[in-house]
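The values are calculated or read from the model by the stated rules, or taken from the named source; none is laboratory data. Here the structure is a predicted model, which means the values were calculated and not measured. A quick note on method: Cβ atoms are made from the backbone with ideal geometry, for glycine too, and the neighbour counts reach across all protein chains shown. These accessible areas exclude ligands, DNA and RNA; they are computed on the full protein's heavy atoms, side chains included. Shrake-Rupley method; radii C 1.70, N 1.55, O 1.52, S 1.80 Å.
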Amino acid sequence: MTAAIASDDSNALYVSGIIEVDATGKVETVRVTSSPLRPEMEQRVLEAVRGWTFNPFEVDGVARRIRTSMDLRLELVKREQGHVLEFAETRFGQPVLIASRAPRYPSIHLERRLGASLLMAITVEDDGSVSSAEPVRGQIIGARLGGENDIRQALKPFAQSARNAMLAWRYDFLEPVSNGEKRRFLVPIKYTLSGPGMTASQHVSEPVLFENAAALDDALDNLLAQQGASGDQSAATPLQPGLTLREDAEISGLAL
């Protein structure tokens, strides 16, 4: 499992795990699945997380026990009293991609040496399977095209390839949803080429929206930043509110 938090800080440390929280918001269990920390420091992080309190997770107005994913970004900060490992960012409820296949590169664009950056909206069922995958936003990399229609047409083979691949994906650690509610996520997909004739300063087109973006209302505007530069295909951003820390939760740094 890779960290689902994107950052440009190469000095940040990422810890991923699984957390279980009871109906009152108290942590029952927490374990680490991926961490660069030494075992003793990892245990201190776990001890800190066990002391956190969460807002009760409700489904149809009823508080529920929840087992979900946890992603932490830690940063080493120098203070007057010494160095402190701080919790710079916390995120819960990122579904974990457990089965996937990479999208095929459209042959028509291999010849033209075009790349693309897409934001896909997917619907995930209770069993973790993906039942729909549609593009909501995209950009072409490596060419200057005439206008929105040209860009959208050039993006279609990329979007179709992504759709075909993502319908075979499967996720785990999904948060429960209300009856009849769809479990939807935004997932960034990036197609890039390297080799002779390819440069780091390739032209990137203006972003264009697809018809499916309208169904997301304001959610798309609020979540566009999640498309990020990481290109992590497991980083699915939930469109529904998930497990959240209480405002008065004490999150203290760890003195080293």
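Selection of strands (runs of 3 or more DSSP E) fully inside the stretch 67-140 by the criterion of at least 2 residues being of a type in the set (A, V, I, L, M, F, W, C) and touching a Leu at 6+ places or on another chain (Cβ under 8 Å) returns 82-92, 115-124. Scanning the stretch 141-153 for residues that are in a helix (DSSP H, G or I) and either under 19 Å from Ser107 (Cβ atoms) or without any contact (Cβ under 8 Å) to a residue 24 or more places away in the chain (or both) yields Asn149, Asp150, Gln153.
Any chance the stretch 189-198 includes a residue that's at pLDDT 80 or above and either among the polar types (S, T, N, Q) or not in a strand (DSSP E or B) (or both)? Yes, there is a match, as at least one residue in the stretch 189-198 is at pLDDT 80 or above and either among the polar types (S, T, N, Q) or not in a strand (DSSP E or B) (or both). Apart from one condition, Ala168 fits all of (1) part of a loop (DSSP other than H, G, I, E, B); (2) open to solvent by 50 Å² or more (accessible area, probe 1.4 Å); (3) within 26 Å of Gln202 (Cα to Cα); the exception is (3).
Any residue at all in the stretch 154-161 that is outside any helix (DSSP H, G or I) and surrounded by 14 or more Cβ atoms within 10 Å (Cβ to Cβ)?
Residues of the stretch 154-161 outside any helix (DSSP H, G or I): none.
Checked against the condition, which is being outside any helix (DSSP H, G or I) and surrounded by 14 or more Cβ atoms within 10 Å (Cβ to Cβ), the stretch 154-161 yields no hits at all.
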